[in-house]
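The values are calculated or read from the model by the stated rules, or taken from the named source; none is laboratory data. This one's a predicted model, so the numbers in the text were calculated from it and none came from an experiment. Every residue, glycine as well, gets a Cβ built from its backbone with ideal geometry; the counts of neighbours run over all protein chains shown.
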Amino acid sequence: MISIDGLHKYFDNLHVLQGIDLEVQKGEVLSVIGASGSGKSTFLYCINGIEPVQQGSVLVDGIDVHAKTTDLNKLRQRLGMVFQQWNSFPHLTAIQNVALAPQIVKKMSKSEAIEVAARQLEHVGLGDKFNVFPNALSGGQQQRLAIARALAMDPQYMLFDEATSALDPELVGEVLDTMRILAEEGMTMICVTHEMGFARDVSDRVAYFHEGIVEEIGSPEQIFNEPQSEQTKKFLAKVR
Amino acid sequence: MEQSVTVFSSFSVQDLSFLGEAALRTLWISFLSITIGSVLGGFFGWALYEMKVWGAIFLNPILDVFRSVPLIVQLVLFYNFAPIVGLNLDAFESGLVVLTLYTSALVANVARGGIEAVGKPMRITSRSLGMSYLQDMRYVVFPIGARAIFPSWVGVALGVMKDSALVSVLGYVELVKASQVLITRTQEPLLIILVVGAFYFALSYPVSRYSAKLEKRWSQ
């Protein structure tokens, strides 16, 4: 379980997160929607400790992410993260991209790591691309590679930061399909997304972020069909 | 009766081996200073990148001195002033120290550029996979950055190899110094300078060919 309690985050004088309270249960898929600058991405960055916070706490399976004594490198193995930019390691082949972290972080043997990597590449539909370098892959394939790379660490949670925003429209589908498969397999996911269709179809809950607070949270049906807040209504009217 | 003392004698095969030895000395001092200077420069580059304020205040001005004062001036100054502070270095050692520092100053900026070229998002990605700072540096930043700056680094290395000619002013018998000796004796400057030029070319051509090959392989 991830529980976020009274989270405040400042960038200098900019109050980006203004008190977030949220709980994400095991197996749940939470989509986070909202306008640019509403703090969605920062929220994800605070969950795996990339960004420090000024107030409040994030507990991942009871471990305080922002406590000084927390071993972030160890904690991050529980939290797979996929970014808007896929950031494939350009000097490594697809399978080496995926096998690198298991090998050096989890200290797996090379053959073990390769085995895990092969399984995850198959998983995301890149079974025929083991020895291909990233620059020979399309954006969609590279993003799936990034998903496989995160999955290879055997995380308990997956955080997606606008995973399809940088893709050409025709490539969005294959990445969303991969994310759908993960959701069906019961992976706990927090997806910051602009894909309203995905948020509606795949999530268990949808949170609407507005100016650093959770303006509204509920089931996809409730958020999309009967939004309570004026802000949510305005936002949804714009993106539809 | 015509008898004269032979002051001058023409260029001979032995002279070629004399030049060959001198070429090896050029190679040796270049190899050492490029290797040590690159390691040192890599470290300085990292320091410039990580310690922006301290780097700008302390390290950068020092490196600037090495970059901007002509190498020949550095060599002469160091060779003459080192004994004052109790360092008794011969021509080779003095040349090595100065060339190494000079290389490191050039490499430092290149190396910082390499780290910058990797970019923050890439590094956040590797950290998000649970890699430590050092693992990120070793397995992600170094290989990506090194490939990015490789052409500039080869440029620096070839430059230093040629600049090592200046160590001749300290009396170290590398290619240029050897050629001066031979020119004085044979009075055939054109021929000898041509041969010396060929030696320099023979030293740098393989390096530049090999690096071009590596670059091609990496760009696949």
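Here are the numbers for the structure shown:
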item	result
Failed item, numbered, when B:Gly130 is tested on (1) of a type in the set (Gly, Ala, Ser); (2) more than 10 Å from chain A (Cβ to nearest Cβ); (3) assigned to a loop (DSSP other than H, G, I, E, B)	(2)
Filter result for B:Thr125 (crowded, with 22+ Cβ neighbours inside 10 Å, in a helix (DSSP H, G or I), at pLDDT 95 or above and away from chain A (no Cβ under 14 Å))	no
The one condition in (1) farther than 24 Å from B:Arg138 by Cβ; (2) in contact with a His (Cβ under 7 Å, 6 or more places away or on another chain); (3) hydrophobic (A, V, I, L, M, F, W, C) that A:Leu137 fails to fulfil	(2)
Selected residue (only one of A:Gln103, A:Gln85, A:Gln77 is crowded, with 18+ Cβ neighbours inside 10 Å, over 20 Å from the mean Cα position of the chain (by Cα) and within 12 Å of chain B (Cβ to nearest Cβ))	A:Gln103
Condition check for A:Met153: part of a loop (DSSP other than H, G, I, E, B) and either modelled with pLDDT under 95 or in contact with a strand residue (DSSP E or B) (Cβ under 9 Å, 6 or more places away or on another chain) (or both)	yes
Number of positions in the range A:61-73 that are under 18 Å from the mean Cα position of the chain (by Cα) and either basic (Lys, Arg) or surrounded by 14 or more Cβ atoms within 10 Å (Cβ to Cβ) (or both)	3
Failed criterion for A:Ser109 (all others in (1) touching a strand residue (DSSP E or B) at 6+ places or on another chain (Cβ under 7 Å); (2) without any contact (Cβ under 8 Å) to a residue 24 or more places away in the chain hold)	(1)
Residue match in the range A:164-175 (condition: part of a helix (DSSP H, G or I) and under 16 Å from the mean Cα position of the chain (by Cα))	yes
Conditions (1) buried (at least 16 other Cβ atoms within 10 Å of the Cβ); (2) part of a loop (DSSP other than H, G, I, E, B); number of the one not met by A:Val98	(2)
Matching entry among B:Ala198, B:Ala146, B:Ala202 (being out of contact with any Ser or Thr (no Cβ under 8 Å at 6 or more places or on another chain), within 14 Å of chain A (Cβ to nearest Cβ), farther than 27 Å from B:Val73 by Cβ and modelled with pLDDT under 95)	B:Ala146
Selection within the range A:208-232 - part of a helix (DSSP H, G or I) and loosely packed, with under 14 Cβ neighbours inside 10 Å	A:Glu221, A:Asn225, A:Glu230
Any hit, the range B:133-143, residues being hydroxyl-bearing (Ser, Thr, Tyr) and surrounded by fewer than 23 Cβ atoms within 10 Å (Cβ to Cβ)	yes
Hey, A:Val24 more than 21 Å from A:Ile223 (Cβ to Cβ) and surrounded by 16 or more Cβ atoms within 10 Å (Cβ to Cβ) or not	no
Flag for B:Leu77 being touching an Asp or Glu at 6+ places or on another chain (Cβ under 9 Å) and either within 14 Å of chain A (Cβ to nearest Cβ) or not small (Gly, Ala, Ser) (or both)	no
Subset of the range B:154-171 that is β-branched (Val, Ile, Thr) and buried (at least 18 other Cβ atoms within 10 Å of the Cβ) - its residue that is farthest from the other protein chains (Cβ to nearest Cβ)	B:Val167
Residue in the range B:187-206 that is among the acidic types (Asp, Glu) and more than 30 Å from A:Pro90 (Cα to Cα) present	yes
Residues within the range B:48-61 that are surrounded by 13 or more Cβ atoms within 10 Å (Cβ to Cβ) and under 19 Å from B:Gly37 (Cα atoms), tallied	5
Matching entry among B:Ala105, B:Ala117 (being in contact with a Gly (Cβ under 9 Å, 6 or more places away or on another chain), modelled with pLDDT under 95, more than 10 Å from every other protein chain (Cβ to nearest Cβ) and assigned to a helix (DSSP H, G or I))	B:Ala117
Filter result (among the aromatic types (Phe, Trp, Tyr) and surrounded by 15 or more Cβ atoms within 10 Å (Cβ to Cβ)) within the range B:195-204	B:Phe199, B:Tyr200
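Here's the yes/no breakdown for (1) crowded, with 22+ Cβ neighbours inside 10 Å; (2) touching a Ser or Thr at 6+ places or on another chain (Cβ under 8 Å); (3) within 11 Å of chain A (Cβ to nearest Cβ):
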{"site": "B:Gly113", "(1), (2), (3)": "no, yes, no"}
{"site": "B:Ser152", "(1), (2), (3)": "no, no, no"}
{"site": "B:Val173", "(1), (2), (3)": "no, no, no"}
{"site": "B:Ser179", "(1), (2), (3)": "yes, no, no"}
{"site": "B:Gln187", "(1), (2), (3)": "no, no, no"}
{"site": "B:Ile193", "(1), (2), (3)": "no, yes, no"}
{"site": "B:Pro206", "(1), (2), (3)": "no, no, no"}
